[in-house]
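A.B. asks: My structure is below; once you've seen it, I'll send some questions.
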Amino acid sequence: MDFNVKKLASDAGVFFTRAVQYTEEKLGQAEKTELDAHFENLLTRADTTKNWTEKIFRQTEVLLQPNPSARIEEFLYEKLDRKIPSRITNAELLGQYMIDAANDFGSGAPYGSTLIKVGESEKKLGGVERDFLQSASINFLTPLRNFLEGDWKTISKERRLLENRRLDLDACKARLKKAKIAEAKAAAMPDFQETRPRNYVLSASASALWSEEVDKAEQELRVAQTEFDRQAEVTRLLLEGISSTHVNHLRCLHEFVEAQATYYAQCHLYMQELQKQLGNANGEIFPNTFPPNTNSSTPLASASSSGAATIPVVSTVVGASSSSLEAGALGIESVPAPATGTRKAKVLYDYEAADTSELSLLADELITVYTVPGMDPDWLIGERGNQKGKVPVTYLELLS
């Protein structure tokens, strides 16, 4: 067994020194090297990003899989690096039960034939739901998990290492301070009237010893300062990478919303088709139960009837850009800047305009922004010289 006693003793000594320094700092008996304000802001931003990313990740898991037992099962499969078995959705299971019941009741009877139609539609809904769950898991949950289990663990490791380097640095500063005080006392003028010359010799020897101790402490301080500066730079670079993380999560969020919009649009389309089928087949048995939908130009058109309550749905085309529609309605180029209410804003990230109504942005530049009545709250009108266009709020830091 290879047991290095010297290394063990050295590690124990370093740990003890750090513990003493940390305790004295907490008791107010030792000085502490403070990080600059920018570094502290980076640390705060990183902690906030981690906390909210974790909350969003957990709640998204609950949204996609409400069953806690199923979530635990999926977690175990992931940790064991095994493929998660395909699970039938509740809608698919309901649809299969309806079809099986129709076969027992008789598919030729009105009730049986209706059960088959509804069951087939429920199975379609279940298939669409499974596609949505898979898309959301890959495009949204996985990037969040990779940040929490990868990037954040690296940042945390480097932060702990930086804290150790800081404790070592402050301990070296305290050791040097004590050595200089002791050297000053030893170097005080000796009493030449002393009847025993041996005391003078001892005083000179002590002064030389403390001088050597000061030189050694200064050398250790230089080494500790170098290691601290190097580790601070590494940690700073990792913390500044949080901005890239925000951009990546923003893209994933757009993909999640797009998948959710597609899912609900397909579900609405299937239910409209089912309403038409039931209205045509059962109109004579139950008049006005499912009246045919006369406005079916778009998948999300809302069906209405005089005898049944319906949910109003805004007519739109899946994937269409709401910002372009809004731009046409507002007439960006013709919108004058208000006399009051304009603000300066700093651009956080580069942004490429999607169309002529938007304004391309460069990181760190300053622009003038304002809003107009009826405008989407997620967008502002931005001006840079003679250029004007819509800009996303999430890419800006509004200045007072």
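The values are calculated or read from the model by the stated rules, or taken from the named source; none is laboratory data. Because the structure is a prediction, the values reported are computed rather than measured. Methodologically, a virtual Cβ is constructed for each residue, glycine included, from the backbone with ideal geometry; neighbour enumeration extends over all protein chains shown. Areas reflect the complete protein model, heavy atoms only, side chains present, ligands, DNA and RNA absent. Shrake-Rupley method; radii C 1.70, N 1.55, O 1.52, S 1.80 Å.
Conditions tested, residue by residue: (1) in a helix (DSSP H, G or I); (2) crowded, with 16+ Cβ neighbours inside 10 Å; (3) modelled with pLDDT under 95; (4) of a type outside the set (D, E, K, R).
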| residue | (1), (2), (3), (4) |
| --- | --- |
| 208 | yes, no, yes, yes |
| 219 | yes, no, yes, yes |
| 232 | yes, yes, yes, yes |
| 286 | no, no, yes, yes |
| 295 | no, no, yes, yes |
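A.B. asks: Turning to a different aspect of this structure: Of these, 106, 112, which one is on the phi > 0 side of the Ramachandran plot, without any contact (Cβ under 8 Å) to a residue 24 or more places away in the chain and not aliphatic (A, V, I, L, M)?
C.D. replies: Working: 112 fails: on the phi > 0 side of the Ramachandran plot.
Answer to the selection: 106.
A.B. asks: Is it the case that residue 202 is at pLDDT below 85, farther than 30 Å from residue 25 by Cα and over 48 Å from the mean Cα position of the chain (by Cα)?
C.D. replies: yes
A.B. asks: Anything in the range 25-58 that is charged (D, E, K, R), open to solvent by 50 Å² or more (accessible area, probe 1.4 Å) and within 23 Å of residue 221 (Cα to Cα)? List them, or say none.
C.D. replies: Pass one, the range 25-58, residues charged (D, E, K, R): 25-26, 31-32, 34, 36, 40, 45, 47, 50, 54-55, 58.
Narrowing the set further to residues that are open to solvent by 50 Å² or more (accessible area, probe 1.4 Å) leaves 26, 31-32, 34, 36, 40, 45, 47, 54-55, 58.
The answer is 26, 31, 32, 34, 36.
A.B. asks: Ok, one more. Are any residues in the range 167-182 open to solvent by 50 Å² or more (accessible area, probe 1.4 Å) and either under 13 Å from residue 225 (Cα atoms) or in contact with a Phe, Trp or Tyr (Cβ under 8 Å, 6 or more places away or on another chain) (or both), and if so, which ones? Reasoning before the result, please.
C.D. replies: Filtering the range 167-182 for residues open to solvent by 50 Å² or more (accessible area, probe 1.4 Å) gives 173, 175, 177-178, 180-181.
Residue satisfying the conditions is 173 alone.
A.B. asks: Check residue 348 against each of (1) at pLDDT below 65; (2) in contact with a helix residue (DSSP H, G or I) (Cβ under 6 Å, 6 or more places away or on another chain) and name the one condition it does not meet.
C.D. replies: The number of the failed condition is (1).
A.B. asks: Go over the candidates 139, 164 one by one and state the one that is open to solvent by 30 Å² or more (accessible area, probe 1.4 Å), touching a Lys or Arg at 6+ places or on another chain (Cβ under 7 Å) and not aliphatic (A, V, I, L, M). Don't jump to the end; show me each part of the working.
C.D. replies: Working: 139 fails: touching a Lys or Arg at 6+ places or on another chain (Cβ under 7 Å).
The unique qualifying residue is 164.
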